Amino acid sequence: MPSLSPKSATLQQSPIRKLAPLARAAESRGVEVVYLNIGQPDMPTPPEMIAELHGLPLNRLAYAPSEGILEAREAWSAFFASWGIAFGPDEILVTAGASEAVTFALSVVAGGGGEVLVFEPCYTNYRSFAAQADVSLVPVTLRVEDGYHFGGVRRLEAAITPRTRAILLCNPSNPTGTVYSETELDAVARVAVEHDLFVICDEVYREFVFDGGPIRSFTRYSDLAQRIVVVDSVSKRFNACGVRIGCMASKNREVLDVALRFCQARLSVATAEQLMVVPMLVNGRPYSQGLCAEYQRRRDAVYNGLRLIDGVSPHRSEGSFYTMTRLPIGSCEDFAAWLLRDFSLDGETICLAPGEGFYVTPGLGVDELRIAFMYDAETLRRSMRILDAAVMAYPGRLVECGCQEKRS
Ligand SMILES: Cc1ncc(COP(=O)(O)O)c(C=O)c1O
């Protein structure tokens with residue numbers, strides 16, 4: 001048999017999905033599983049979007065233009081404008097979700113052997129996108145003790161090499177919920193200018209900022225406009241992950257021209273789906289603001305629950321709809337498997353995403369896990385009680401201390 005390509009070995013199995021068989025086995029034993037491992041919104045897709053799909057005057061589903069249908073690009077332009085971001089329709093390419101937009105952006109600015117700085121823990125698929133684009137991700141490691149913030153330029157500069165082409169910034173962050181401060185964004189901007197880099201801004205969670213915090217798109221650095229590539233998506237903000245529509249936007253003509261060649265090679269993005277999201281893009285700001293308030297309630301439920309677990313000092317997620325936490329249990333992957341195989345509380349257990357897969361650096365994140373806020377606050381409170389009981393019961397628990405005393 002011929003062997004597979006060396007690249008095949010660089011693609012990891014999704015750490016988010018790899019516990020799925022154990023979860024299915026738990027369900028077949030009659031255990032209810034709460035899925036905290038995956039960022040699949042639980043709320044319905046807006047009926048306006050579905051109605052738009054049904055009402056589309058389509059009698060022939062032809063290829064759409066590679067750059068996206070003009071009406072769709074105009075809608076994206078209106079969407080950006082509603083958040084104070086100026087991109088004209090000719091500065092936008094419609095993509096198959098943010099996934100395709102990140103892959104194209106990496107390919108255009110660093111493909112074929114360049115390096116891109118990324119804060120870790122990071123969105124796990126960045127690793128696969130980079131592998132597809134033949135890009136090396138160079139991690140700047142953030143620590144839970146610092147609330148997954150990096151502070152200033154020092155850490156960034158230390159990671160730069162002659163091959164560095166860009167910084168990939170996910171703000172607010174999946175998986176940590178970090179919303180980067182003004183000082184941190186200034187640091188990214190300064191380093192980008194001083195080292196002549198692009199900044200790929202993944203802002204798919206842009207408006208999910210908790211506690212009334214300011215929404216700071218990186219596009220505010222208008223003097224860096226030629227360096228900035230924005231990646232966006234309808235998936236999370238409109239509860240429409242399955243629609244597979246996103247975009248890439250930039251003011252850099254050269255970037256857009258080369259990205260368009262990638263778009264042409266894949267011919268087009270689904271015609272009906274580009275159009276069905278138009279009304280939400282144009283008028284969807286109140287809708288996604290409502291979602292943010294709901295995710296904040298859920299964040300509170302998770303954070304308050306984690307605080308009660310002995311040996312856990314949770315970081316308070318500032319945005320997106322995730323948090324990461326460290327547990328006093330050694331390997332979170334073993335723990336997550338044990339939860340599905342051997343543990344339940346009142347017939348219920350939880351499925352978690354082990355932290356290791358969110359790190360580029362091998363061996364980091366072993367004792368961390370990511371929690372997604374994809375259930376109502378009451379279910380999340382119950383889930384944190386299950387987690388608490390599981391940590392106490394786990395045979396691999398590292399800390400033996402008086403949690404009962406602490407709580408009484
Ligand atoms: C940070 C981040 N970027 C990109 C994506 C991909 O989004 P899409 O569904 O638009 O491909 C996700 C999905 O979870 C994400 O969390």
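Looking at 160, 92 in this structure, which one is open to solvent by 10 Å² or more (accessible area, probe 1.4 Å) and touching a residue at least 40 places away in the same chain (Cβ under 8 Å)?
The conditions single out 160.
Hey, can you tell me all the residues within the stretch 241-264 that are part of a loop (DSSP other than H, G, I, E, B) and within 9 Å of the ligand (Cβ to nearest atom)?
Once the filter is applied, which keeps residues that are part of a loop (DSSP other than H, G, I, E, B) and within 9 Å of the ligand (Cβ to nearest atom), the stretch 241-264 yields 244, 245.
Scan 67, 115, 71 and give me the residue that is over 23 Å from residue 157 (Cα atoms), touching a strand residue (DSSP E or B) at 6+ places or on another chain (Cβ under 9 Å) and either acidic (Asp, Glu) or not assigned by TED's automatic domain parsing to the domain that holds residue 191 (or both).
67
So for the stretch 153-167 (the condition being under 21 Å from the mean Cα position of the chain (by Cα) and not hydrophobic (A, V, I, L, M, F, W, C)), does at least one residue qualify?
Taking every residue of the stretch 153-167 in turn, none turns out to be under 21 Å from the mean Cα position of the chain (by Cα) and not hydrophobic (A, V, I, L, M, F, W, C).
Being touching a Gly at 6+ places or on another chain (Cβ under 8 Å) and surrounded by fewer than 21 Cβ atoms within 10 Å (Cβ to Cβ) is the filter here, so list the residues in the stretch 166-186 that pass it.
183
Against the definition (open to solvent by 70 Å² or more (accessible area, probe 1.4 Å) and within 30 Å of residue 267 (Cβ to Cβ)), how does residue 56 come out, yes or no?
No: the conditions fail for residue 56.
Do any helices (runs of 4 or more DSSP H) lying entirely in the stretch 265-346 carry at least 2 residues that are among the hydroxyl-bearing types (Ser, Thr, Tyr), and which ones are they?
Helices (runs of 4 or more DSSP H) meeting the threshold: 285-307.
Looking at the stretch 66-167, what strands (runs of 3 or more DSSP E) fall wholly within it and have at least 3 residues that are within 16 Å of the ligand (Cβ to nearest atom) and within 22 Å of residue 234 (Cβ to Cβ)?
Because the criterion is at least 3 residues that are within 16 Å of the ligand (Cβ to nearest atom) and within 22 Å of residue 234 (Cβ to Cβ), the strands (runs of 3 or more DSSP E) in the stretch 66-167 that meet it are 92-95.
Among 179, 231, which is the only one that is within 16 Å of the ligand (Cβ to nearest atom), closer than 20 Å to residue 126 by Cα, β-branched (Val, Ile, Thr) and touching a helix residue (DSSP H, G or I) at 6+ places or on another chain (Cβ under 7 Å)?
It is 231.
The conditions are (1) open to solvent by less than 30 Å² (accessible area, probe 1.4 Å); (2) under 30 Å from residue 353 (Cβ atoms); (3) among the small types (Gly, Ala, Ser), and residue 68 fails exactly one of them. Which is it?
Checking residue 68 against (1) open to solvent by less than 30 Å² (accessible area, probe 1.4 Å); (2) under 30 Å from residue 353 (Cβ atoms); (3) among the small types (Gly, Ala, Ser), the one that fails is (2).
Take residue 299 and decide whether it is among the basic types (Lys, Arg), touching a residue at least 40 places away in the same chain (Cβ under 8 Å) and surrounded by 21 or more Cβ atoms within 10 Å (Cβ to Cβ).
yes
The values are calculated or read from the model by the stated rules, or taken from the named source; none is laboratory data. As the structure is a prediction and not an experimental result, all values here were calculated from the model. Every residue, glycine among them, receives a Cβ derived from its backbone with ideal geometry; neighbour counts consider all protein chains shown. Please note that ligands, DNA and RNA were not included when accessible areas were found on the heavy atoms of the full protein model with its side chains. Shrake-Rupley method; radii C 1.70, N 1.55, O 1.52, S 1.80 Å.
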